[in-house]
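A quick write-up on the structure given underneath.
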Amino acid sequence: MLVRGVVQGVGFRPFVYRLASDEGLTGSVGNDTDGVTIEIEGARRSLDSFLLRLRSEAPPLARIDAITVQDAEPTGGVGFSILMSEVLGRVSTGIPADAATCPDCLRELLDPNDRRYRYPFLNCTNCGPRFTITRRIPYDRPQTSMAQFRMCAACQAEYDDPTNRRFHAQPNACWQCGPQLTLVDAAGDPIACTDIVNEVIARLAAGEILAIKGIGGFHLSVDATNETAVERLRQRKHRYGKPLAVVVRDMDAARALCELDETETALLQTPARPIVLARSRAGSGIAPSVAPGIPWLGLFLPYAPLHHLLFADGRMRALVMTSANLSEEPIAIDNEEARRRLAAIADAYVLHDREILQRCDDSVMAVVDDAPQFVRRARGFVPLGVPLPLDAPPLLAVGGHLKNVFALARGRFAYQSQHLGDLENLTGLDFFRDSLDHLMRTFEIEPTAVVHDLHPGYLSTEWATQWAEERGLRRIAVQHHHAHIAGCMAEHALEGRVIGLALDGTGYGTDGRIWGGEVLIASMEKFERFAHIGYVAMPGGDAAVREPWRMAFAHLLAAGFSQDEARTLTGASEQEAHLVARMIERGINAPMTSSLGRLFDAAAAVVLNRRTVDYEAQAAIELEGIAEGESSRLERTEYALELRGGNEDLQTLDAGRLWRTLVGDLRKGVAKPEIAARFHAGVAEGFIRAASSARERTGMNRVALSGGCMHNRRLTQLLRAGLEAEGFEVFAHRQVSPGDGGLSYGQAAVGAAILLQES
Ligand SMILES: [Zn+2]
Ligand SMILES: [Zn+2]
């Protein structure tokens, strides 16, 4: 029998061995190019029980996608054996994702009588680094950055013993034979101390900024309860507004900082250990600068032994752990690289001698609409495949521009890369190339086609065009919002056509304009545009993203306000107002957009006086934040976007009345949280009406929700509740991000659908 899925490097063969022995069966188990092959012989009843338990009792990190059973002649052998790794030909099993320290290892870590007491690199088949330390397949020690460490006799004995928890645990190590920590000061000189962990705790307690080499890259860490220290980190990192992630000792500590529901509690404790965005508690003692202006905290539980050690003596309550990079540069992984790039930031460096071979940021998730949703899919999930509903030819989908993630697809799976950051410069592109080489090797996928965004100016488009030409590959351009909706369809294996609400910040449209508030009628291979938010100028192009007051100014003029009124409402100077008004009037450097993200920015600019932002979507996030606690019901107010018939069949959602009502409320002195809540409801109401109108025309009843605005919990919840109340079937992303991080998965689905249709 053949078992496919994530079954190598996760303790699957010893598990099979134990199971077979338990059921009194004979035979063998071995790794195979396609998974794990089991030959087994014995009584019918035992065989049935074996098969049942194979699924129900599989090791925690294993994921069984398929079991194929074939009858064979009995050989009458005795005993059960584990065959050594033999990998030939095509490999579809790949490398497992990195996993957090398991309970057994944690117990050893804190047990003074254990030989691995306080050893910061302990792991076993149920936990530890995988993807980040692997150079190539098969996943075996010589192919990992553990190759340079020769196991001591004790470790080797564990590694060779099929009944041991560390049987074939490739990163197996101990104090005697494995990687070690070093602590150096800002100048790179070793810091003399008797215990590195204690010294690090003392320095953190004193308010120092430490650069800590972790699993997928360096973190910058400070005491999260020390406002001065957090503020200094922000100043040095030039990262002023963006929230910082916080790690705490355990669930009790997490509950003390945030209000956590069941789903969030479960999510925090999964072996992937993502950062979870949860509602913070007032008076928790976390420094205000950790997450200024928003009611959520990015929280995670320890996933590396070192994290546990930093909390072990009880002195530290919560630590900031943020990716050690400047803005959207790739995270630093190399000791020298870190020292060079963090020279002006870190007071000291915690280094180690196990090389990180794959950069991988922490994953970020949030519970939206009662289910986990990806904000950033990286460590702990990459390179696990996401199922596709069709048989994809080998292809590469390069993703978009911001928050780039590419995907390789073959057969029934798409393998998304880790979050790569913005593809705006060559550093980003280098990371992209390295990661692509690695994943192509890992999965032995040689693409026969390349899928990219429709935007001609994206670096990813340029790169894809060149790559396709060099290799003589088929090239497919996919419209941004079509890719979003197709991704949602693919996740739920939806056939035929759906009504797609693609709501985000920026995507290049077929008319050359910037789309982002779109109602599409889409199938996997094509789409038509049914309705969109009425076009408004974006004065200054990208400058309007960084300065939401410009967007507000444009929206207010479009809604019929005078220049003077728009100036007062946006807090613009005479000169600014004059400049922006002229841009809009003459259409100079003022591209037209139907973006919902920009409408949110504009509303935040007026309601919260948020004139400029430090990171994308900051204004919109703050607007959602201030509405927390307000009722989230659709009220059928005057805030609703108005559906209007436009050219031929294309309709527009007009925001004019929304703006007039909103400004009226502001002038009446209506509380800002209430205005923010009504704004959300009005946007949702408009799109629900548009979906109903699309249903009238097409008879379709399924709605797919996608785009970065789906990270907005209030909006997503309003949309789902409202659509379901109208009798729609609603689908949202669960396995990839609804934002641009999920784009390549959707591109892969569209590409595969088009290629299959042609063949
Ligand atoms: Zn373990
Ligand atoms: Zn050892």
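Divide the volume of the convex hull around the Cα atoms of segment 615-759 by the residue count and you get 149 Å³ per residue. With the convex hull drawn over the C-alpha atoms of segment 517-659, the volume per residue is 143 Å³.
Relative to the longest principal axis of the Cα atoms of the chain, the long axis of helix 548-558 makes an angle of roughly 40 degrees. Note that the chain shows a convex hull volume over its alpha carbon atoms of 172 Å³ per residue.
Ignoring ligands, DNA and RNA, please state the percent of accessible area on segment 171-243 from carbon and sulfur, probe 1.4 Å.
After summing per-atom areas, the C and S share lands at 51 percent.
Using a 4.7 Å Cβ-Cβ cutoff, the cysteines of the chain lacking any partner cysteine are Cys105, Cys124, Cys155, Cys174, Cys193, Cys258, Cys360, Cys488, Cys709. Residues Thr510, Thr75, ordered by accessible area of protein heavy atoms at a 1.4 angstrom probe radius and largest first, appear as Thr75, Thr510.
The Cα atoms of segment 84-223 cover 54, 34, 25 Å along the three principal axes, with the biggest extent listed first.
Among Tyr17, Tyr139, Tyr240, what's the order by accessible area (1.4 angstrom probe), most exposed first?
Result, largest first: Tyr240, Tyr17, Tyr139.
Taking the longest Cα principal axis of the chain as reference, the axis of helix 713-725 is set at about 80 degrees.
Over segment 15-168, average the accessible area per residue using a 1.4 Å probe and give it in Å², no decimals.
With the other protein chains kept in place, segment 15-168 gives 49 Å² per residue.
The protection proxy used here, the mean number of other Cβ atoms lying within 10 Å of each residue, ranks peptides 116-124, 191-199, 745-753, 4-12 as follows, highest first: 745-753, 4-12, 116-124, 191-199. In straight-distance terms, cross-link reach from Lys242 covers every one of the lysines whose alpha-carbon lies under 28 Å from its own, apart from those fewer than eight places away in the same chain; here that gives Lys213, Lys403, Lys672.
A 1.4 Å probe run over the protein chains yields, for segment 433-492, 37 Å² of accessible area per residue, whole-number rounding.
Across the chain, the mean sequence separation of Cα contacts (distance under 8 Å, 6 or more residues apart), normalised by length, yields a relative contact order of 11 percent. Nonpolar atom fraction for segment 580-685, defined as the carbon and sulfur part of the 1.4 Å probe accessible area, stands at 42 percent.
Run through the DSSP bridge list for the chain and note the antiparallel percent, rounded to the nearest 5.
Just about 70 percent of them are antiparallel.
Which of rounded, prolate or oblate describes segment 461-512 when judged by the alpha-carbon gyration tensor and an a/c cut-off of 1.5? Because a/c hits 1.5 or more and a/b fails to exceed b/c, segment 461-512 counts as oblate. Note on Ala206 and Ile588: the extension gain reaches 132.2 nm, defined as 0.36 nm multiplied by sequence separation minus the Cα-Cα distance.
Once C-alpha pairs closer than 8 Å and six or more residues apart are averaged by separation and normalised to the residue number of segment 699-759, the relative contact order reads 38 percent. Under 8 Å for C-alpha pairs, at least 6 residues apart: give me the relative contact order for segment 114-244, rounded to a whole percent. Relative contact order here is 19 percent. Answer rounded, prolate or oblate for segment 290-365, using the Cα gyration tensor with square roots of eigenvalues a ≥ b ≥ c: rounded when a/c is under 1.5, else prolate when a/b is larger than b/c, else oblate. Note, shape of segment 290-365 comes out oblate. Using a probe radius of 1.4 angstrom, the carbon and sulfur fraction of the accessible surface of segment 693-741 is 43%. Here the peptides 338-345, 481-488 are ranked by packing, the mean other Cβ count within 10 Å, and the order with the highest first is 481-488, 338-345.
Tell me the angle of helix 574-586 to the major Cα principal axis of the chain, expressed in degrees between 0 and 90 and rounded to the nearest ten. So the inclination is approximately 90 degrees.
The values are calculated or read from the model by the stated rules, or taken from the named source; none is laboratory data. If you're wondering where the values come from, they're calculated on a predicted model, not measured in any experiment. With ideal geometry, Cβ positions are generated from the backbone for all residues, glycine too; neighbour counts draw on all protein chains shown. Ligands, DNA and RNA are stripped out before the accessible areas are found, and what is left, the full protein with its side chains, is counted by its heavy atoms. Shrake-Rupley method; radii C 1.70, N 1.55, O 1.52, S 1.80 Å.
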